[in-house]
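All remarks here apply to the structure that follows.
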Amino acid sequence: GLHADRADRAPRRRPAVSLEETALARQALRSAEGYARRLTRSQGKLAAQFPLSPARVTALPPDVEDDLDAFLKRYEQLVNTIQDELFKAVAIVGGEDVRGLARREVTELMDRLGALPAAASFRLLVATRNRIAHSYPDDPERQAGNLNAAYEAVPDLLAAHEGVRRYLDRRLPEG
């Protein structure tokens, strides 16, 4: 009678996270962990160089240029892994379908789910990544500004990584 009808209308939950999804999420977590560790190392190695002036940018010794290249690559890799792999894992664990959502909407969802400290902060990290992806050899002022912005953003990027990592660690099945 009455009780059977109520049971039929119970919300349908997404099936539990599959073994394959769990394995992919753990793999993405390991990748991000490596990028975060190497980014932290780069940050420490470059501490004496920052903040960079436009004049300094044009006169960097080759070894510092190489260290900056590594730093920028690691920054970019960590942003990309969080945005493209870890956010997907968070959505799967949370039973959310993010296919068809714009990246901005996915970032907002991560914030609402509690996986990110703040969507606005992460959008700034992405904007910085987009700016450092371009080299401006004829504009040392712009180059210095972009490098300084990336360097100053490292604590926020590491906090975003840590937030997503903690979120997934608490929710992923053992495996």
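Just a few scattered comments:
- Applying the Karplus relation 6.51 cos²θ - 1.76 cosθ + 1.60 with θ = phi - 60° to the range 104-113 yields 3J(HN,Hα) values of 4, 5, 5, 4, 4, 4, 4, 5, 4, 6 Hz, where x marks Gly and Pro.
- For LEU29, neighbours were defined as the other residues whose beta-carbon sits under 13 Å from its Cβ, and their charges (Lys and Arg +1, Asp and Glu -1) total +3.
- Counted charge near PRO173, where neighbours are those whose Cβ lies closer than 13 Å (Asp, Glu -1; Lys, Arg +1): -1
- Computed from the alpha carbon positions, the gyration tensor of the range 11-72 leads to an equivalent ellipsoid with semi-axes of 42, 12, 9 Å, biggest first.
- Once you divide the Cα radius of gyration of the chain by 2.2 N^0.38 Å, the number left is 1.29.
- Relative contact order, percent, the range 14-132 [alpha-carbon distance under 8 Å, six or more residues apart]: 30
- Rounded to the nearest 500, the 222 nm mean residue ellipticity of the chain from helices alone is -23000 deg cm²/dmol, with -39,500 (n - 2.57) taken per DSSP H run of at least 4 residues.
Every number in this text was worked out from the coordinates using simple rules, so none of it is lab data. Source: prediction; values computed, not measured. Using ideal geometry, Cβ is built from the backbone for each residue, glycine included, and neighbour counts are taken over all protein chains shown.
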